[in-house]
1. Of H45, H28, H14, which is the most mobile in a GNM of the chain whose springs link Cα atoms less than 10 angstrom apart?
2. What per residue convex hull volume, in Å³, do the alpha-carbon atoms of region 1-90 yield?
3. Round to the nearest 10 and give me the degree value, 0 to 90, for the angle of helix 161-187's Cα axis relative to the longest principal axis of the chain.
4. Among R58, R85, R50, which one shows the highest mean-square fluctuation when the chain is modelled as a Gaussian network with alpha-carbon springs under 10 Å?
5. Only Lys, Arg, Asp and Glu count, each charged at its Cβ (+1, +1, -1, -1), so figure out the dipole size of the chain about its Cα centre, rounded to 20 debye.
6. How would you rank K107, K36, going from fewest to most other Cβ atoms within 10 Å of each one's own Cβ?
7. Take the chain, connect every pair of alpha-carbon atoms lying under 10 Å apart with a spring to form a Gaussian network, then pick out the residue of E98, E51, E11 with the largest mean-square fluctuation.
8. Using Cα atoms only, what is the angle between the long axis of helix 46-76 and the major principal axis of the chain, expressed in degrees (0 to 90) to the nearest 10?
Amino acid sequence: MRKIFLSQAGELAHRLALQVGQNGLVEHFVESYAEKFVRRGLLDHPARYRELLATLGREALLAMVVQVYAELPRYLTARRPPVLRGAEVQLAEALREELLAALGRAKSWGPADVEEFRRDAELYAQLTARTAKVKRQRKAADPVEGPFVDRCALLLDPSMLESARGAAGEFLAELERTTQDLLRSVFRRRS
């Protein structure tokens, strides 16, 4: 059973990397933003554009990986609420490790890059947990907040920060839906 889950972690990492890679969600997001807010300058400088896609792609992967970490218990136990115990805790940790290692392989990262990503994911998880409390209290019409939205907006278009924050919030919702779909498709074989 453990080997099956670990191979699924590798598959999930590969599919996450594909989603944010070339011609993926990030590129579509930036192009849509540039068109909607008439910000062609974001696309006109090839080197800057590639750097923007790479940086936003990493931020998107962080948000997606943190969501995977948070939802993993649902796929590892039949208990409701999904609280992991005993061997399930160890399996979850092994899955997280394999997910990061496979993501590093998919993105051609070195060990230092993987470790830096791990630290950033832990920080994102902590910040996301803090904003989750606020998120439960906010109204559906309120803008989405959190570390991804803030960083994405600053990277994307600091001169139009509120527009960029709104777009980043919508993009985060898209990333969350995509991650949820990937989790369901990769781990559904568990029955």
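Just so you know, all these numbers are worked out from the coordinates, no wet-lab data involved. These numbers were taken from a predicted model, which means no experiment stands behind them. FYI the Cβ positions are ideal-geometry reconstructions off the backbone, even for glycines, and counts take in every protein chain you see.
1. H45
2. Details: hull volume 9.9 nm³, N = 90.
Enclosed volume per residue, from the Cα hull, is 110 Å³.
3. Helix 161-187 and the main axis of the chain meet at about 30 degrees.
4. Its mean-square fluctuation being the largest, the pick is R85.
5. Roughly 900 debye for the chain.
6. So the ranking, lowest neighbour count to highest, is K36, K107.
7. Sorting by GNM fluctuation, first place goes to E51.
8. Helix 46-76 sits at roughly 30 degrees to that axis.
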